[in-house]
Structures are given as structure tokens and as C-alpha cells.
């Protein structure tokens, strides 16, 4: 058994007994772990309960031959109050966490992915306009796909290699080929449901696209397309509950 101090993103929290919880944590040093936080509900050190989406610093008793670890001293580092108070932001945060939980199952360190998640939540929390809110998640998906080894190609047609038509008119998302196809290569095969317009591409690539250039249904459509791309390449068969909730509230 080893004792390690680590930073972690709280992926989920389940009440356990009267004063304790079992938390799923994505840690910077140990990847995804499950851990029991005994007596944490009555801790005098925490004025706010540990909840999904927070960043914490904690001591972990690592039992390398067990699936359940034990938490000791825990401090909440980031609350992300703006996310907690906004249903749309909460749904998008939970969507990111669901993708993470269905993608990472090992206890190996993924520091670049950890930093990417913190960056995503910080942008999401600080966003003022809906365009910034959705762009923070779209940017995460773009970088997440590259870290996972199936990067989304947005700057050129994945069939003919042309960049000019994609830049001017956008392209159709050909999921199995890993990116966009131009109008010429598509030839009516993919419907408009798969079209990602040039302004959306600008937002996904983390460039400025102005204040709220689309209505909510377009934001939702593009989000569902990007999620479908991830699900296909990670082989996720189940529906994401956070995406269903997002559809309900908009």
C-alpha cells in the first residue's frame, strides 16, 4: 500500500452509509480510480460537499491489488459555481464526464487529458455567451479525439485532400473516415444532417466566431454529431444520458 497526494476530477459520487461516499475520480497520477471517502459528510474541513465536476486535492491510500481505494485528507480546489448554477452548462459538463468515463478504464496516468479537462471546465465556467459555452465542449472533443488516437480532420476533405471548399462551405462528417468530405466527394451521399458549416468549423477549431451565430437547435445538432463521432471510434453502444438531458432542457 502506498500513500499519494494527487489532484483529481470528481466524475461521480454515490452516497455510502450515513457519513461516507464512494467517488469515481479521474486523477492526474493514477488515471481512473474508485475510492471510499469515509466520514467525509461530517468533515469540518469541507464547507461544501464533494460533488461531480469538482477539482480536488486528496491523499489516496493506493491498494494496488484492489479495485477500491481509500481517500484521506481532501480539499476542494475548484467549485465551478457558474456551471453548477446553469442547467445547460451542467448538462455539457456531464456530457464530457460521460465520454471520459466510457473511454478511460485503467489506472495509468493521462496528464494531457487531465489538463485538457481542467481547461474545458474552466472555459465552460467562464463562458458568457452560448457560443462560448458550446465552443468550450467542441474544443474539448476536437483535442480529445487526437489524444485518443482518432483525431477529427477539419481542415481538408478526407477523400480528395482539398481544403478550399471545406474552408468556404464546410463539409459533411464522414464518421468512419475520421473527418469531413467536400461537396464534390459527397455527391449527395450524406444528408444535410451531417453538414458542419464553415462557421461551426471555426468554433470547433477554437477560433472566434462572434456572439451566438446559431440558434440552439444548431448548437445541439453539431454537438450530437461530434458525440456520434466519438461513440463510433470508442465503440460506445449506449446512449449518453447527459445528451438526452441536454435535448430535454433546450
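Since every read-out is calculated from the coordinates, none of them should be taken as a lab result. Since the model is a prediction, treat every value here as computed from it, not as a measurement. We place every Cβ from the backbone using ideal geometry, glycine too, and count neighbours over all the protein chains shown.
Rounded to two decimals, what ratio of Rg to Rh does the stretch 73-145 give with C-alpha atoms and a Kirkwood Rh? Don't skip to the end; give the middle numbers.
Working: Rg = 12.6 Å, Rh = 12.9 Å.
Rounded to two decimals, Rg/Rh equals 0.97.
Between residue 236 and residue 119, how many nm apart are label points set 7 Å from Cα along the C-beta direction?
2.0 nm
Compute the helix-to-body angle for 87-103: its Cα long axis versus the longest principal axis of the chain, expressed 0 to 90° and rounded to tens.
Helix 87-103 sits roughly 80 degrees off the main axis of the chain.
How compact is the stretch 176-225 by the rule of thumb for globular proteins, expressed as Cα Rg over 2.2 N^0.38 Å? Each step should come with its number before you reach the end.
Working: Rg = 11.9 Å, N = 50, 2.2 N^0.38 = 9.7 Å.
After normalising by residue count via 2.2 N^0.38 Å, the value is 1.22.
What residue among 187, 199, 93 has the largest mean-square fluctuation in a Gaussian network model of the chain, using Cα springs under 10 Å?
Taking springs between Cα atoms under 10 Å, the residue moving most is 187.
Can you order the peptides 219-225, 75-81, 17-23 by their average number of other Cβ atoms within 10 Å per residue, highest first?
On the way: 219-225: 19.0, 75-81: 14.3, 17-23: 16.4.
Averaged packing, sorted descending, gives the order 219-225, 17-23, 75-81.
Can you show me the helix-derived [θ] at 222 nm for the chain, built from DSSP H runs with n ≥ 4 at -39,500 (n - 2.57) apiece and divided by the number of residues, rounded to the nearest 500.
Values: 9 runs with 100 residues, N = 250.
It comes out at -12000 deg cm²/dmol, rounded to the nearest 500.
Rounded to the nearest angstrom and ordered from largest down, what semi-axes does the equivalent ellipsoid of the stretch 2-79 get from its C-alpha gyration tensor (root of 5λ)?
Values: eigenvalues 59, 39, 26 Å².
For the stretch 2-79, the semi-axes come out at 17, 14, 11 Å.
For q = 0.09, 0.13, 0.18 Å⁻¹, what log10 I(q)/I(0) does the stretch 84-249 give under the Debye formula with an equal point scatterer on each alpha carbon and no solvent?
Result of the Debye calculation: -0.29, -0.61, -1.18.
What is the spin-label model distance, in nm, from residue 57 to residue 82 if the labels are put 7 Å beyond Cα along the C-beta direction?
2.4 nm
So for the stretch 1-146, what are the equivalent ellipsoid semi-axes in whole Å, largest first, each being the square root of 5 times an eigenvalue of the Cα gyration tensor? Show your work: numbers first, answer last.
Details: eigenvalues 134, 67, 27 Å².
That gives 26, 18, 12 Å for the three semi-axes.
Using 0.36 nm per residue of separation minus the Cα-Cα distance, give me the extension gain between residue 129 and residue 147 in nm, one decimal.
Details: separation 18, 0.36 × 18 = 6.48 nm, distance 2.75 nm.
Value of the extension gain: 3.7 nm.
With labels modelled as points extended 7 Å from the Cα through the Cβ direction, what inter-label distance (nm, one decimal) is found for residue 206 paired with residue 175?
2.6 nm
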